[in-house]
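The values are calculated or read from the model by the stated rules, or taken from the named source; none is laboratory data. Predicted model, so just to flag it, every value in this text is computed and none were measured. Every residue, glycine as well, gets a Cβ built from its backbone with ideal geometry; the counts of neighbours run over all protein chains shown.
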Amino acid sequence: MKEISALQKARYQYQPKLPNEIKGDVNNIVLKLGNPTESIDNKETVKSMFSNTYGKPIARFIAGKNPKANEKINVGVILSGGQAPGGHNVIAGIFDGIKKGNKDSKVIGFLGGPSGIIEDKCIELTDSIIDDFRNTGGFDIIGSGRTKLETEEQFDKCIAVCKKRDIKAVVIIGGDDSNTNAALLAEYFMKKNAGIQVIGVPKTIDGDLKNEYIETSFGFDTATKVYSELIGNIERDANSAKKYWHFIKLMGRSASHIALECALQTQPNIAIVSEEVEEKKQTLTEIVSYIANVIMERGNKGENFGIILIPEGLIEFVPEMKKLISELNDLLAHHEAEFAGLKSFEEQASWLNSHLSGESATVFKALPLDIQKQLLMDRDPHGNVQVSRIETEKLLIEMVTTKLNELKVAGKYKGKFSALNHFFGYEGRCAAPSNFDADYCYSLGLIAFLLIVNGLTGYMSSVSNLSLSSDKWVAGGIPTTMMFNMEQRHGSQKPVIKKALVDLNGKPFKFFVSKRAEWAVNTSYLFPGAIQYYGPTEVCDQPTKTLILEHS
């Protein structure tokens, strides 16, 4: 018998809460369709690429008779990309919906991500398997992967596997790139009259898969609460020891949603928001001066400690670094074989010096050697620099130390500076989901099933009104093409879901701006503690500060 913790055993018993519209018998839930939709940008180009799935209406669920809910159906499920808390509950929601419709229907889990459907590696998910994973973190029920579904050869293999296993619909649970692939797959299946539906589910702890209709991606709530607990612990330690500045880099890819949410929860001395850096065209030198001035002001009054939050993608928002990274991405995309043939870092650096613009070559040479090497590591699946591998926190510590020494020599800085660096990422991706994520994910899974039995394809499950109690949530489906624009990938223009960056005019950022000067010089730390699963609603079932402020 598998040994489990007391908490996990208790979480198995948790019953996720649902929006009122989808609480009842699945036979009595139908769709209400709205007006035709358009993509957010590049409308004609996107329409020409998605002629079968473009312009679909937004879907809402209402009461009504749906006899198709009882039909036997097999559904394939894929977990795609990085892990996020709540993925298991999405699958549980799909499973429970299918079995409520027809007990002979099956959920087929493809193993190891999208490669599972191409290679026909799968298992049938049963009651006993599902029950072992309800309300738990991780993606270990079937595993995940980063294989991209984007070629006709791959799509044809998907069709063949689905036909072989009598699968009528595929649910892809993933982030913006995975859901882009889901939309491409849905379009191809319709073009080929394959009779296979495709539904996406919005997943990513980064928080950048959001818009007017997808209010948040699942996993963001749990991950930011885990990180905020850790930050709060460090704040308490810093305020006790009073001798270290902690530079904390936070996962989040390009967007600063995680850093901003954690700042709202913990009130650090400094939280950098990449989008503001880009908007103000702040140079690396200006960022370092800002940090050093806060440290100087606190140090001169005897407070030689503090907390600094740094978003993972900061480096690519600094103007001179953004230009350098863009040039590197293009150069290495178009000269991949030539660059790969260079045997040493010295040869690579010399080659870059002769191919980069003069400005970018100067920036590259001025960087510490370790940062130079990190910029040239293996690219991500899109051919871009993997910003998570760039140790921005160490770069800033090195540059801030130099600046503070200059201020000390000038007689302006009288404090002491000792720094420690941290990177919080994997600590939050597989945590046991918060009540919010457990509820939200289960709802998204059940909605995916309801979209399928109502005949839709090329849609993403959605829940809105998320700042309210779950009974007031609104369930529906959003055409994925609504979120598309064209972007440069691997040296060419491709349709992708537009990433949502921090809105500098939004209420969460404006609230942060109203408080940051006070938090900078005064020790105003909040200690949110661990995720609370049991207790008063105002403690256990609250969404993120971001959602609360956005809907206030």
By residue number, the members of segment 338-370 that are modelled with pLDDT under 90 and of a type in the set (A, V, I, L, M) are Ala340, Ala366, Leu367, Leu369
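Table: residues versus (1) of a type in the set (Phe, Trp, Tyr); (2) assigned to a helix (DSSP H, G or I); (3) surrounded by fewer than 21 Cβ atoms within 10 Å (Cβ to Cβ); (4) on the phi < 0 side of the Ramachandran plot.
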position: Leu209; (1), (2), (3), (4): no, no, no, yes
position: Glu212; (1), (2), (3), (4): no, no, yes, yes
position: Lys225; (1), (2), (3), (4): no, yes, no, yes
position: Asp237; (1), (2), (3), (4): no, yes, yes, yes
Selection count, segment 98-144, where residues are within 19 Å of the chain's Cα centre (by Cα) and on the phi < 0 side of the Ramachandran plot: 6
Within the set of pairs 6 or more residues apart or between chains, which connect a residue that is farther than 18 Å from Arg253 by Cβ inside segment 270-283 to a residue that is assigned to a strand (DSSP E or B) with Cβ atoms less than 8 Å apart? Ile270/Gly306; Ile270/Ile307; Ile270/Ile308; Ile270/Leu309
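Let's see how each residue does on (1) of a type in the set (Asp, Glu); (2) over 15 Å from Thr392 (Cβ atoms); (3) part of a helix (DSSP H, G or I); (4) touching a Ser or Thr at 6+ places or on another chain (Cβ under 8 Å):
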residue	(1), (2), (3), (4)
Ala292	no, yes, yes, no
Lys301	no, yes, no, no
Asn304	no, yes, no, yes
Leu331	no, yes, yes, no
Ala337	no, yes, yes, no
Ser354	no, yes, yes, no
Ile371	no, no, yes, no
Tally the residues that are in contact with a helix residue (DSSP H, G or I) (Cβ under 7 Å, 6 or more places away or on another chain) and surrounded by fewer than 24 Cβ atoms within 10 Å (Cβ to Cβ), restricting the search to segment 446-465. 1
What residue, among those in segment 205-238 that are modelled with pLDDT under 95 and not charged (D, E, K, R), is farthest from Arg298 (Cα to Cα)? Tyr213
Scope segment 92-139; condition buried (at least 16 other Cβ atoms within 10 Å of the Cβ), without any contact (Cβ under 8 Å) to a residue 60 or more places away in the chain and either part of a helix (DSSP H, G or I) or in contact with a Pro (Cβ under 9 Å, 6 or more places away or on another chain) (or both); matching residues: Lys99, Ser115, Gly116, Ile117, Ile118, Ile129, Ile130
Against the condition over 23 Å from Asn135 (Cα atoms) and out of contact with any Phe, Trp or Tyr (no Cβ under 9 Å at 6 or more places or on another chain), how does Ala530 come out, does it pass? no
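Let's see how each residue does on (1) touching a helix residue (DSSP H, G or I) at 6+ places or on another chain (Cβ under 9 Å); (2) closer than 30 Å to Thr222 by Cβ:
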position	(1), (2)
Phe317	yes, yes
Ala337	no, no
Asp370	yes, no
Leu375	yes, no
Arg379	yes, yes
Val387	yes, yes
Thr392	yes, yes
Phe424	yes, yes
Name, by its number, the condition in (1) more than 21 Å from Val90 (Cα to Cα); (2) over 21 Å from the mean Cα position of the chain (by Cα) that does not hold for Leu184. (2)
Output the qualifying pairs, or none if there are none: Cβ atoms under 7 angstrom, residues six or more apart or on different chains, first residue in segment 455-482 and basic (Lys, Arg), second residue at pLDDT 95 or above. Lys472/Asn465
Cβ pairs under 6 Å, 6+ apart, first in segment 305-326 and touching a residue at least 24 places away in the same chain (Cβ under 8 Å), second of a type in the set (Phe, Trp, Tyr) and assigned to a loop (DSSP other than H, G, I, E, B): Phe305/Tyr244
Would a scan of segment 240-253 turn up a residue that is of a type in the set (Ser, Thr, Tyr), crowded, with 24+ Cβ neighbours inside 10 Å and in contact (Cβ under 8 Å) with a residue 60 or more places away in the chain? no
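Looking at segment 140-160 only, could you name the residues that are charged (D, E, K, R) and touching a residue at least 60 places away in the same chain (Cβ under 8 Å)?
Correct list: Arg146, Lys148.
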What number of residues within segment 253-284 are under 16 Å from the mean Cα position of the chain (by Cα) and either on the phi > 0 side of the Ramachandran plot or part of a loop (DSSP other than H, G, I, E, B) (or both)? 4
Cross-chain or 6+ apart pairs with Cβ under 8 Å, segment 417-441 first and within 16 Å of Ile310 (Cα to Cα), then basic (Lys, Arg): Asn421/Lys249; Asn421/Lys394; His422/Lys249; Phe423/Lys249; Phe424/Lys249
